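Report on one structure; see the data block that follows.
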Amino acid sequence: MSDLNWTILIPALIVSGAFLLVLCIDIVWPKNRGTPAAYVALFGTVVALIPSLPGIGLWGRGEYDGISGMMVLDNFALFSNAIFLIGTGLTIAISRGYLAREMASHSEYYLLLLSATLGMMLMAAAGDLIVIFLGIELMSISLYILVGFLRGRPTSNEASLKYLLLGAFATGFLLYGIALVYGAVGTTNLREIGLALSQGRFSGDFVLLGGLAMLIVGFGFKVAAVPFHMWAPDVYEGAPTAITAFISAGPKAAAFVAFLRVLTVSMPSLQVEWTAALWVLAVLTMTVGNLSALGQRSIKRMLAYSSVAHAGYLLVALAAGSERGISSALFYLMAYTFMNIGAFAVVILVGRKEEENLDISGYAGLGFRHPGLGLAMTLFMVSLAGLPPTAGFFGKFYIFSAAVEAGLVSLAIIGVLNSLVSVYFYLGVVVSMYMRQ
């Protein structure tokens, strides 16, 4: 306990406190319809956001570590926490009306959202591979249940089962990678791994590189990178729309944040090897994601494949491996959280009970029937396409600039070309809203 620095745990403890309060609501008020839990969960996320704020929070006050170096609280973790908590808060805000419409408003829903958020925060503050694994499992198990939360829908049950099976398969790769890295270096602490590799204190290049490859596969599944993206379209389509919005933002950001920590803190000496692997993954992910989205008529499947493509853009930032690449990835993740959750919020508002109006043709004339929703959807689609002067444009600009600065000019060119392809299917929604009867 002498090594326990409570400052590190402040954001996680606030979310845990909200979690326990939500857990007790049904005991005190058995016949509530989930509304008190929604308010408590939203209040908890807002309070947990305070430590990440400049001036009044912990931002800029240095780095805190403890628990034998297993957890670290720095500006990187605080900014990541802000992304997760904003994503969770927005999801709670768009969920109340949606759940009431689907007659599925229960306290457990918000309990699981907080549980997933806590897992994401552990991943962001992890200084050890074991803590990253615990965070991933806490997040993933909550998401498996949330995807199948509408038990009366066969598509929701099917999506949950697919997510569970493929998620368990990917977890095996991740654990095996951790085991191989431990076998080669003798520790799971990220800083100690980095120190050992820089000093040449490891046994077996094959074992170490095998562990790195397994870790890339495990994280590749979590971020829906090609060819580990097979779960994304079905899960996005079958899950409750509010949960689809949540999965596309928070958990994806958490996986990228953990991926960044592992690569930049523990394996900078292997940058040549993992940059080559990420180069290939980025090209495949951007290209397959955008080309697959071109032919989609369901807006949820289109956004699912577009989410795969955006994972490719973020992999470009990871491949750069520089400080500028890291900062551009974090900026893009923050912007993407607002863009994607906003788009799904419009999908929820346009939908009706048990008939969510998911076909893009159903948005014909929306800009005139509901001008506010049409304008909001146009803004989100234009930003996702990366057109100026939106946040999506600046996010892609920073990412591709980081890639050029790192000497990955060809990767940046491929990224720009893929971004041009994406304009077609994003503006297709806008054309439907304003130029079709």
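The values are calculated or read from the model by the stated rules, or taken from the named source; none is laboratory data. Remember, it's a predicted structure, so these values are computed and weren't measured experimentally. Cβ: placed from backbone, ideal geometry, glycine included. Neighbour counts: every protein chain shown. All accessible areas refer to the heavy atoms of the entire protein, side chains included, with ligands and DNA or RNA removed. Shrake-Rupley method; radii C 1.70, N 1.55, O 1.52, S 1.80 Å.
Each residue was assigned an accessible area with a 1.4 Å probe, and for R369 the value is about 130 Å². Quick one: plug the Kirkwood hydrodynamic radius of region 302-432 (C-alpha pairs) into Stokes-Einstein at 10 °C, 1.306 mPa s, and report D in µm²/s. Translational diffusion coefficient: 104 µm²/s. Share of carbon and sulfur in the accessible area of region 195-299 stands at 70%, probe radius 1.4 Å.
I'd like the carbon and sulfur percentage of the solvent accessible area for region 1-159, probe radius 1.4 Å, heavy atoms only, ligands and nucleic acids excluded. The computed percentage sits at 70. The slack between H370 and I56, meaning 0.36 nm per residue of separation minus the straight C-alpha distance, is 109.0 nm. Solvent exposure of the chain, expressed per residue, is 39 Å² of accessible area, with all protein chains present and a 1.4 angstrom probe.
Please give the FRET efficiency for S401 paired with Y434, using the beta carbon to beta carbon distance and R0 = 30 Å, rounded to the nearest 0.05. Computed FRET efficiency for S401 and Y434 comes out at 0.35. For region 127-285, a/c is not less than 1.5, where a ≥ b ≥ c are the root eigenvalues of the C-alpha gyration tensor, and a/b tops b/c. That puts it in the prolate class.
Equivalent ellipsoid of region 105-146: semi-axes from √(5λ) of the C-alpha gyration tensor, largest first, are 22, 9, 5 Å. Which of M71, M123, M230 ends up with the largest GNM mean-square fluctuation for the chain, with Cα atoms connected below 10 Å? With Cα springs under 10 Å in the chain, the top fluctuation among M71, M123, M230 is at M230. Projecting label points 7 angstrom from Cα along Cα→Cβ for R33 and S198 puts them 5.9 nm apart. Ellipsoid semi-axes for region 278-327, based on the Cα gyration tensor and the rule √(5λ), read 24, 11, 5 Å when sorted largest first.
Using only C-alpha positions, report the orientation-averaged shadow area of the convex hull of the chain, nm², one decimal. Its Cα hull, projected and averaged over all orientations, spans 20.7 nm². With Cβ to Cβ distances under 13 Å as the rule, what net charge do the other residues near M339 carry (K, R +1; D, E -1)? For residues surrounding M339, the net value is +2.
When Y144, Y363 are compared by accessible area of protein heavy atoms, the largest-first order is Y144, Y363, using a 1.4 Å probe. From most to least packed by mean Cβ count within 10 Å, the peptides 169-182, 372-385 give 372-385, 169-182.
The packing ranking of peptides 316-327, 213-224, 81-92, highest mean first, is 81-92, 213-224, 316-327, where packing means the average number of other beta carbon atoms within 10 angstrom of each residue. Between R201, R96, R191, the GNM of the chain built on Cα springs shorter than 10 angstrom shows R201 fluctuating the most.
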